[in-house]
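Presented below is the structure to which this report refers.
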Amino acid sequence: MQDMKRLIEKLGYEDLMRMKKELEEGELKKFIEQKLRHFETTHEKTCSVCYNLLEPYSMHNYSLVFGPDDFKKKASFCGLDCLQYFLENLKVGRGD
Ligand SMILES: [Zn+2]
């Protein structure tokens with residue numbers, strides 16, 4: 001929330017008024033929900049394991065969204081090998 005306040009501090013009068021209006025009309029909430037959905041349904045730019053750039057339209061991309069609803073994380077992979085490596089490391093880390 002501190003970061004959010006710092007962001008808002010930088011806004012001028014007009015932007016603040018517009019933001020307040022959008023908050024009241026629920027526009028801002030809709031926008032944020034849209035951004036969250038985008039986050040959950042798109043791949044990251046790079047593979048979380050080998051850091052290769054992901055080709056956006058490749059059939060070999062995979063993404064995992066995990067963690068609690070209010071603190072979701074996302075990891076993307078360039079192929080099954082990297083996904084498998086990630087899952088195995090996750091298991092070791094958790095001691096499963
Ligand atoms: Zn990879």
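Observations, loosely collected:
- Residues in the range 60-74 that are assigned to a loop (DSSP other than H, G, I, E, B) and either within 13 Å of the ligand (Cβ to nearest atom) or at pLDDT 95 or above (or both): His60, Asn61.
- Residue in the range 34-45 that is within 16 Å of the ligand (Cβ to nearest atom) and part of a strand (DSSP E or B) present: no
- Of residues in the range 28-45 being exposed (fewer than 12 other Cβ atoms within 10 Å of the Cβ) and touching a strand residue (DSSP E or B) at 6+ places or on another chain (Cβ under 7 Å), the one farthest from Cys82 (Cα to Cα): Glu40
Here is a yes/no grid of residues against (1) at pLDDT below 90; (2) in contact with a His (Cβ under 6 Å, 6 or more places away or on another chain); (3) not in a helix (DSSP H, G or I):
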position	(1), (2), (3)
Arg6	no, no, no
Leu11	no, no, yes
Lys30	no, no, no
Ser58	no, no, yes
Ser76	no, yes, yes
Leu87	no, no, no
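- Residue that is surrounded by the fewest Cβ atoms within 10 Å (Cβ to Cβ), among those in the range 46-56 that are near the ligand (Cβ under 10 Å from one of its atoms) and part of a loop (DSSP other than H, G, I, E, B): Tyr51
The values are calculated or read from the model by the stated rules, or taken from the named source; none is laboratory data. Since this is a predicted model, take the numbers as computed values, not measurements. We place every Cβ from the backbone using ideal geometry, glycine too, and count neighbours over all the protein chains shown.
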